[in-house]
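First up is the structure itself, then whatever we jot down about it.
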Amino acid sequence: MHKEILLPTVKQLRFLIALDDYRHFSKAAKACFISQSAFSIAIKELEIRLQIQLVDRTQRTVTFTEIGLAIVDQARLCISDMETLVNIATKRHAPLSGRVTLGVIPTIAPFLLPPALPEIEGRFPELQLYLREEKSQLVYEQLLEGKLDLILIALPFDMKGVETLSLYKDPFLFACRNKSSWIESVQEPVNIETLPEESVLLLDDGHCLRDHALQACRLTDSDQVSRFAATSLQTLLQMVASDIGVTFIPSMAKDSLMLQGSDIELHTLPSDSHREIGLAWRKGSAREGEFRLLGSLLQELHHRRIV
């Protein structure tokens, strides 16, 4: 006879996830509303059940073992799938209901979400949407780890183990200060090849907007890129307003508060200078149909905005 395998309980998995989030037994126990001693016993019982050591314990810190990190990532996926199971059972007649955690990159979130969220809430009133704003690589990693259900990012971006849905193209615009010292006159579409050396300001490394701008605008002459870089789109536009250089911004940002009342002018670029906005989720997700439904709504809202 085969020995019965004792599976971890949902409570044990939730405790393990909390310990990973806080990396402190006392804080994790408090977040789970139990005593530290009971919390420590539960983690120890999980280790005994799995017959592995999940964490290295010292007086001040909690360090996960290599296999412990793999287990906690899988625990997040298990809890996410169980929450989906409950949502299917209790909300089976209501699409896009229950909890969805959405990761969004900083060069999309402040421009797309404010007008979209009221529409999403009105269309799907039973949806509990939680947002996290991080760079592309971080939201992608958190998606694979089960910390996020869905991500809204700019494409292309190299990803494995996910399904992607391209929503629409977001053209780049040329941004410069009025009567900029970097250019004599502006003709549309702007001829990028004529821009002077060290004139083009971009975000620093790690921001996908930098890579997309370089690729989409075919900025092959590295001498045109300024030695200065910005850490955010807001800083980038402030630098342009101060005539430190010129830049390329996504079209969705053209009506933002950052540009209102500024001396920055926007001009068109060749029609193929764009990035794509898309959704991505883990392959095999039971909620793929719902995510595609959300994508259709975002496409509809974009069409309404540009018409």
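Quick notes on this one:
- Calculated [222 nm] ellipticity per residue, helices only, for the chain: -12500 deg cm²/dmol; basis is -39500 (n - 2.57) per DSSP H run with n ≥ 4, divided by all residues, nearest 500.
- Loop-located GluC sites (Glu not before Pro) in region 129-198 (DSSP state not H, G, I, E or B) with no more than 12 neighbouring Cβ atoms inside 10 Å: E184, E197.
- R0 of 41 Å, Cβ-Cβ distance D158-S232: FRET efficiency to nearest 0.05: 0.95
- Potential lengthening between E119 and K254 on full extension [0.36 nm per residue; Cα-Cα distance subtracted]: 46.5 nm
- Using only side-chain charges placed at the Cβ, +1 for Lys and Arg and -1 for Asp and Glu, the dipole size of region 10-74 relative to its Cα centre rounds to 300 debye.
- Between the helical axis of 136-145 and the longest alpha-carbon principal axis of the chain there is an angle of about 20 degrees.
- Which of I67, A31, L13, positive extreme of dipole for region 10-74 (C-beta unit charges): A31
- Rounded to the nearest 20 debye, the dipole size of the chain about its Cα centre is 1500 debye, using +1 on the Cβ of Lys and Arg and -1 on the Cβ of Asp and Glu.
- Among the listed pairs K30/K283; K169/K283; K135/K169; K27/K283, those with a Cα-Cα distance over 30 Å are K30/K283; K27/K283.
- Residues L138, L112, sorted so that the one with the fewest Cβ neighbours within 10 Å comes first: L138, L112
- Computed from Cα atoms, the angle from the helix 109-123 axis to the main principal axis of the chain rounds to 60 degrees.
- The relative contact order of the chain comes to 20 percent, based on Cα pairs under 8 Å that sit 6 or more residues apart.
- Normalised by 2.2 N^0.38 Å, where N counts its residues, the alpha-carbon radius of gyration of the chain equals 1.23.
- Scattering profile of region 10-74 at q = 0.17, 0.23, 0.27 Å⁻¹ [log10 I(q)/I(0), Debye over alpha-carbon scatterers]: -0.49, -0.95, -1.36
- Label-point gap, in nm, between S35 and R57 - each point 7 angstrom along Cα→Cβ: 1.5
- Rounded tilt (10° steps) of 10-22 against the dominant C-alpha axis of the chain: 50
- For region 170-274, averaging the sequence separation of C-alpha pairs within contact (under 8 Å, six or more residues apart) and dividing by the residue count gives a relative contact order of 51 percent.
- Three-way shape call for region 170-274 based on the alpha-carbon gyration tensor, with the a/c threshold at 1.5: rounded
- Along the chain, longest interval not containing exposed trypsin sites (Lys or Arg not before Pro), exposed being DSSP loop plus at most 11 other Cβ atoms within 10 Å: 180-282
- What separates the Cα centres of region 108-167 and region 199-234 is a distance of 24 Å.
None of the figures in this text is laboratory data; all of them are computed from the coordinates on show. Nothing here was measured: the structure is a model prediction, and the numbers come from that model. Don't worry about glycine lacking a Cβ; one is built from the backbone with ideal geometry, like all the others, and counts go over all protein chains shown.
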